[in-house]
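As structure tokens, the structure follows; a few thoughts come after it.
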Amino acid sequence: MNFLKMNFAGLDLENPIMTASGCFGFGLEYKDYFDPNELGAVLIKGLTPEPREGNYGIRIAETPAGMLNSVGLENPGIDYFERETAPLLERELKVPVIANINGKILEEYIEIAERAEAIDVIKAIELNISCPNVKDGGMAFGANPDMAAKVTREVRKVTKKPLIVKLSPNVTDIAGIAKLVEAEGADALSLINTLLGMSIDINKKKPLLGNIFGGLSGPAVKPVALRMVYQVSNAVSIPLLGMGGISTAEDALEFFMAGASAISVGTGFFQNPLAAVEIKQGLISYCTENNLSNINEIVAYAHTDDGKAYRKRIFSK
């Protein structure tokens, strides 16, 4: 029996474990540790229309129970991806590939979504309107409800592939924004992206990161991520991809019970490259020990009605 097999936003997955964009490269960098085809899907490093060198100066800083990053969406651009990376992924990966797309302005989001639509190996699109470590685009769209709705609406017009909108935690009403992008055609939501933070070099008496601010990830953000997944699952009728501090099966189970239908591992890979494999085995063991036929049975179970209403909304479609 496959306890973990599921459908997420139209994607048939062997299990609900994905990678978090930016933490797993383009899907093959961890091959020396495990076969990426053991994952449910591979969510690749963020793509932009043009090549980006990323932010200058220090990009990574360790923090208590986490890390700050201000990489700045460094990537080779969509042209290189189409020419070099996509054919390689087509040969090597049997699991769905999800592209994370980014832009500085609305027109760039539309352009790259159109390009992604035409690439066969890309089976779904994660619309990143929430990156906190670039100076333009990104979080500016995700933090503004009207812009979040608008960019979702316009990207929806140019792609028929499953559209997953990545939400920013750096807002006052994440459930409200979730409802807006759902209404504009999102098939699923991923949350949360990193929290905005900073670190200071006390010897130089200056900000440590070259970009001053960066995105906080790792175990430190898990309580915030769980709270937001719980809130959003009470507000929408589409599935959620939960992330934020997941490094063990126990972490993943909390996200499922809060309302996530699938989960992403990100910073957890840096500490333990086998985290996803261990989580997978842990989830199978949990299903066996608790007489579950499928992991979906515990989605939103921490809710007051044991999650029955939310599961009915998302699994009866």
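Points worth noting:
- Listed peptides 254-264, 202-212 appear in the order 254-264, 202-212 once ranked by packing, highest mean of other Cβ atoms within 10 Å at the front.
- The separation of segment 256-317 from segment 186-221, counted between C-alpha centres, amounts to 26 Å.
- Highest average packing first - 276-282, 104-110, 286-292, Cβ atoms within 10 Å: 276-282, 104-110, 286-292
- Taking the alpha carbon gyration tensor of segment 46-205, multiplying each eigenvalue by 5 and rooting it gives semi-axes of 26, 21, 14 Å, largest first.
- Cα centroid separation - segment 155-176 against segment 46-124, whole Å: 17 Å
- The chain: relative contact order in percent, alpha carbon pairs under 8 Å with at least 6 residues between: 18 percent
- Size estimate for segment 159-272 follows the Kirkwood approach: the inverse of mean 1/r over distinct Cα pairs works out to 15.0 Å.
- Those residues of segment 44-69 whose amide nitrogen sits under 15 Å from the label point placed on residue 158, 7 Å along Cα→Cβ: 47-50
- Placing a label point 7 Å from the Cα of residue 277 along the Cα-to-Cβ line, the residues of segment 233-270 whose backbone N sits under 16 Å from it are 248-249, 269-270.
- Of all lysines in the structure, the ones whose alpha carbon falls short of 23 Å from that of residue 45, not counting any fewer than 8 places away in one chain, are 31, 94, 104, 123, 135, 160, 161, 166, 222, 280.
- Taking Cα centre as origin and charging only the Cβ of basic (Lys, Arg, +1) and acidic (Asp, Glu, -1) residues, the dipole magnitude of the chain rounds to 620 debye.
- Distance between modelled label sites at residue 53 and residue 312, nm, 7 Å Cα→Cβ extension: 5.7 nm
- A Förster radius of 30 Å, combined with the Cβ-Cβ distance separating residue 88 from residue 147, puts the computed FRET efficiency at roughly 0.30.
- Here the relative contact order of segment 24-77, from alpha carbon pairs under 8 Å that lie six or more residues apart, stands at 34 percent.
- When the charge dipole of the chain is built from unit charges on Cβ atoms (+1 for Lys and Arg, -1 for Asp and Glu) and taken about the Cα centre, the candidate among 68, 147, 286 whose Cα reaches farthest toward its positive end is 147.
- Listed values (i) 19.8; (ii) 16.5; (iii) 15.4, entry calculated as mean projected area of the Cα convex hull in nm²: (iii)
- Average Cα contact separation per residue, segment 200-272, under 8 Å, 6 or more apart, as relative contact order %: 29 percent
- Among 3-14, 116-127, the peptide with the highest mean count of other Cβ atoms within 10 Å heads the list, and the full ranking is 116-127, 3-14.
- Solvent exposure of the chain amounts to 42 Å² per residue of accessible area, where only protein heavy atoms count and the probe is 1.4 Å.
- Residues residue 202 and residue 37, FRET efficiency given R0 of 35 Å [Cβ-Cβ distance, rounded to 0.05]: 0.15
- Calculated FRET value between residue 212 and residue 107, using beta carbons and R₀ = 30 Å, to 0.05: 0.60
The values are calculated or read from the model by the stated rules, or taken from the named source; none is laboratory data. Here the structure is a predicted model, which means the values were calculated and not measured. Here Cβ is always computed from backbone atoms with ideal geometry, including for glycine, and neighbour counts include all displayed protein chains. In case anyone asks, the SASA skips ligands and DNA or RNA and just uses the protein heavy atoms, side chains included. Shrake-Rupley method; radii C 1.70, N 1.55, O 1.52, S 1.80 Å.
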